[in-house]
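The next block holds one structure in the form of structure tokens; read it before the comments.
The values are calculated or read from the model by the stated rules, or taken from the named source; none is laboratory data. Remember, it's a predicted structure, so these values are computed and weren't measured experimentally. Using ideal geometry, Cβ is built from the backbone for each residue, glycine included, and neighbour counts are taken over all protein chains shown. Each accessible area value is taken on the protein alone, full model and side chains, heavy atoms only, with ligands, DNA and RNA left out. Shrake-Rupley method; radii C 1.70, N 1.55, O 1.52, S 1.80 Å.
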Amino acid sequence: MLDRFVHDIRYALRSFVRQPVVTLTAIAALALGIGANTAVFSVVYGVLLKPLPYPEPEKLIYVHDEHTVRFASVSFEKYVALRDRNRTLDALGAAAPVGLTLTGRTEPEQVGASRVSADFFRALRVEPMHGRWFTRDEDQPNAAGVIVLSHSLWTRRYGADPRIVGTNIAVDGRPRVVTGVMPPGFTYPGRTDAWVPLALSAAPKPQGNFLRLVGRTRPGVSVDQARADLDAVTAAFNHEHGLKRATIVWPLHDLIVFDNRRTLLILQGAVAFVLLIACANVANLLLARSVARRREIAIRTALGAGRVRIVRQLLTESVVLAVAGAAAGLVLSGWLLRLFKALAPASFPRANALEIDTSVLIFTAAVAVATGLVFGIAPAARGARSDPNDALRESATRGSSSAGGRGASRTLVVAEVALAVVLIAGAALMVKSLMRLQRQDTGFRAENVVTFDLNLPDARYQSEPNVVSAYERIVEEASSVPGVRAVGAINHLPLVRFGFNGGVAIEGRPAEPADRAPVVEFRVVTPGYFEAMGIPIHAGRQLDPRDTAAARKVVVVNDAMAKQLWPGSSPLGARIKPPFLDRGDDWYEVVGVVGDVRSWTLRTPPVPECYAPHAQAPARGLALAVRTGDAPVETVLPAIRRRIAAFDAALPLVRVQTLSTVVELAAGDSRLSSTLTAIFALLAALLATVGIYSVISYSVAQRDREIGIRVALGADRRRVMRLVLGEGLVLAGAGVALGTLGALGLTRTLGTLLYEVSPTDPVVLLGTIVGVLIVALAASYLPARRAMRVDPAVALRAE
């Protein structure tokens, strides 16, 4: 049996060498289809199917508050109640993002870190590569400072020195003991480089929400059981504090992939269409090849080869061809995967860990074999059904094409065109959506603005007046640089950070519990921020140097907040207690209304926002926005660096980028899906074009005698061209009709991925139809010109 199989493979290779053009064309088509499928499946597997890299990942859950904001954080007091009162969890950890400035050894560096509870590591159960986690005793206010490093930070800054464990490093100007180094790849949550203790104590009443919770269920406990348990704890906690907000529980894996599942499944469907088109293309090539091989098959049959033997040989040839295409496709898949990583936004889950591993290779091998069988069935069945007597009576140098063979080829071409129409229409919708998104009014003017983050360490800036005066000096120094027009700072830069929100109280209106009060985003800004960002003032005034800590308390609100809380009237003069500023009897007067800004995403409409002066609500970490005039950002930025370094050499500038880059990155998810879908649509169009061309060319070659007779009887050569072009357009028209129906149904699945574009956009559909018909006409043109040049004498003599 093995000898026969090896013999079949050798025979297949010899037959391919004899027809290199057909072989290389088929391999190229299969490489495109299989390579695209391999690349996308590696992403689907790595993100959606591959378990999280933690022990028993199915036991991990994510807990958040029910809120108008998705995946809302939890207050520390509620976290303590859930942690201590539940009966279904082994551990429940909490985390909150923080920026840390590292000094000593090399240049100062600010890293993205997380403040975490001691139970955080217990929940994930990832053991440090060196050292240990910190304990609950170390996770207490006024405890000795400790820190756990990520593998990348340990390697990059500390030279992978294992002796760093147990030693002090300078963090925000204070010493912290390194207790451990985490293994490579562990950066949860997000892209964390270091972990420090949360070190908080519960207040008498619930404070603002800022914690992200991750837990691990006990053995034998399902997610539903844990959800019911935490609901009961939440109900008791709400009763004690007069609250109503529920608790939401997710499997951790489901939450991590929530925003990307639909996109990835659509991309997988798109490349499946490309593979089907490639299969149809190769099946057409093999059908045409089988006609030329009818005499060979007839001789083999006459010498005793049975139909099973013939089918096996032809299917072996198809599978060998598919394997060769898969090998070439692996090279293409590596390139596509690198393109995916380059296009993927920073928030895309597990992007750095994506690779073509063993599971993906097994998938590729299975696809190759299945593909070989799919496109090989029709040629094999045709070869097995051929009548050896008829085949042997035909000329050895010329085959004939039966109506059944021609019908199969035309059916495959119609299917190719239909699939291409669906894919091209979907890609066009995605591209149009991206263009709409990029033209979306952000509420600020991004051109000629550079931004960067600063974080003042509490060791050197211990009091709030120190923090306020330091930022005043920094803004003043940056403003004095030649070419700078305006400088301002904010605690949460639009499209970069979001979710610093809470309930607001309005003087003269009944007080509401914290989780039922109107929710607004809270922002802290320095004078000059609105000018630097190009945010218009619609009423009243902006915040300015008069708004000091000793002056009356003031805020500025945006249009969305004004319309929601003071519909039909002006908010100027109203007094409120913003979130995070509930300091006794202090009321903050609304002195201005500014334009709306898209702070969360480009897709999300503006939300109510409240801006307080930095002098009255100091924050250590701010993002600076510097607007330049005619001077290029590249020339202004070094001068700003020097001015800030002269003020404090230990302050690193973090996340330096232009505001235009911020806006561009905000469209990352849409750019990823639209770019890849467009690439796959182009591949589909290319394959469909080749399919139409090959079928029409083959048809012309088989109809030489008919065309010669037509010309001999006086047919005009232009009429011959119209005949051939008409055949191509009929095939394309049938495919377009079917494809349009399919597009009307399938593109509806894109609804949640599109922005201000209808899934049945008539302009897109009409453009797709016209474009495909033009391409079909072009693909038929070369065979039509060849038909015009048929010499009737030569054609008839050949018969």
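From Cα coordinates alone, what are the radius of gyration and Dmax values for segment 79-178 in angstrom?
Here Rg and the maximum Cα pair distance are 14.7, 48 Å.
Find the accessible area per residue for segment 192-277; the probe is 1.4 Å, ligands and nucleic acids are left out, and the unit is Å². Could you put the intermediate results ahead of the total?
On the way: 3730 Å² over 86 residues.
Heavy-atom SASA per residue in segment 192-277 reads 43 Å².
Check cross-link reach from Lys563 to the lysines: straight Cα distance under 20 Å, and skip same-chain residues fewer than eight apart.
Candidates past the 8-residue exclusion: Lys577.
Can you give me the distance in nm between label points at Ala645 and Phe498, each placed 7 Å from the Cα along the Cα-to-Cβ direction?
The two pseudo-label positions are separated by 3.6 nm.
Take Lys563 and Glu476, extend 7 Å from each Cα along the Cα→Cβ direction, and tell me the distance between the two endpoints in nm.
4.1 nm
Which distance in Å, rounded to a whole number, links the C-alpha centroids of segment 600-624 and segment 49-91?
27 Å
Over what distance in Å are the Cα centres of segment 506-564 and segment 407-436 separated?
Going from one Cα centre to the other spans 50 Å.
Under a 1.4 Å probe, what is the accessible area of segment 471-527 per residue, stated in Å²? The partial results should precede the final answer.
On the way: 2370 Å² over 57 residues.
Accessible area per residue: 42 Å².
Suppose R0 equals 45 Å. What FRET efficiency, 1/(1 + (r/R0)^6) with r the Cβ-Cβ distance, do Thr749 and Ala539 give to the nearest 0.05? Mind showing how you got there, number by number?
Details: r = 44 Å, r/R0 = 0.98.
With R0 = 45 Å, the Cβ-Cβ based efficiency is 0.55.
In terms of Cα to Cα distance under 20 Å, which lysines are near enough to Lys59, apart from those fewer than 8 places away along the same chain?
Correct list for Lys59: Lys50.
Carbon-plus-sulfur fraction of the accessible area of segment 85-132, 1.4 Å probe, in percent?
Working: 890 of 1930 Å².
Carbon and sulfur: 46 percent of the exposed surface of segment 85-132.
Could you give the C-alpha radius of gyration of segment 491-612 expressed as a fraction of 2.2 N^0.38 Å, taking N as the number of residues it contains? Can you show the working numbers first?
Values: Rg = 13.6 Å, N = 122, 2.2 N^0.38 = 13.7 Å.
That works out to 0.99 for segment 491-612.
Ranked highest first by average number of other Cβ atoms within 10 Å, how do 149-155, 35-41, 773-779 line up? Before the final figure, lay out each step's value.
On the way: 149-155: 21.1, 35-41: 26.4, 773-779: 18.0.
Top of the packing list down: 35-41, 149-155, 773-779.
Once the piece of chain linking Leu339 and Ala550 is laid out straight, how much longer is it, given 0.36 nm per residue of separation minus the C-alpha distance between them? Write down the numbers at each step before the final one.
On the way: separation 211, 0.36 × 211 = 75.96 nm, distance 5.46 nm.
Separation in residues times 0.36 nm, less the Cα-Cα distance, equals 70.5 nm.
Per-residue counts of other Cβ atoms within 10 Å, averaged by peptide: what ranking do you get for 260-267, 505-512, 630-637, 588-595, highest first?
Numbers: 260-267: 18.8, 505-512: 11.9, 630-637: 14.0, 588-595: 21.5.
Final packing ranking: 588-595, 260-267, 630-637, 505-512.
Between Asn142 and Ser758, how high is the FRET efficiency from 1/(1 + (r/R0)^6) when r is the Cβ-Cβ distance and R₀ = 45 Å? Nearest 0.05.
Working: r = 59 Å, r/R0 = 1.32.
The calculated FRET efficiency here is 0.15.
On full extension of the chain, what length is gained from Arg261 through Glu447, given 0.36 nm per residue of separation minus the C-alpha to C-alpha distance?
Details: separation 186, 0.36 × 186 = 66.96 nm, distance 3.36 nm.
63.6 nm is the gain from fully extending Arg261 to Glu447.
For a Förster distance of 45 Å, can you work out the FRET efficiency between the beta-carbons of Val21 and Asp254, rounded to the nearest 0.05? Walk me through the intermediate numbers first.
Numbers: r = 50 Å, r/R0 = 1.11.
For R0 = 45 Å, the calculated efficiency reads 0.35.
Peptides 163-175, 547-559, 424-436: what's the order by average Cβ count within 10 Å, highest mean first?
Numbers: 163-175: 16.1, 547-559: 19.7, 424-436: 23.5.
Final packing ranking: 424-436, 547-559, 163-175.
Could you pull the Rg and Dmax for segment 8-60, using just the Cα atoms, both in Å?
Here Rg and the maximum Cα pair distance are 19.6, 58 Å.
From a point 7 Å beyond the Cα of Arg575 in the direction of its Cβ, which residues of segment 551-569 have a backbone N at a distance under 14 Å?
552-555
How large is ³J(HN,Hα), in whole Hz, for each residue of segment 36-50 in order, when computed from phi with the Karplus curve 6.51 cos²θ - 1.76 cosθ + 1.60 and θ = phi - 60°, using x for Gly and Pro?
So the Karplus estimates, Gly and Pro as x, are 5, 5, 5, 4, 5, 5, 4, 6, 4, 5, x, 9, 8, 9, 6 Hz.
Multiplying the sequence separation of Arg785 and Leu373 by 0.36 nm and subtracting their Cα-Cα distance, what value in nm do you get?
Details: separation 412, 0.36 × 412 = 148.32 nm, distance 3.54 nm.
Length difference between fully extended and current span is 144.8 nm.
Hey, rough spin-label estimate for Ile362 and His239, points 7 angstrom out along Cα→Cβ, what's it come to in nanometres?
My value for the distance between the label points is 5.1 nm.
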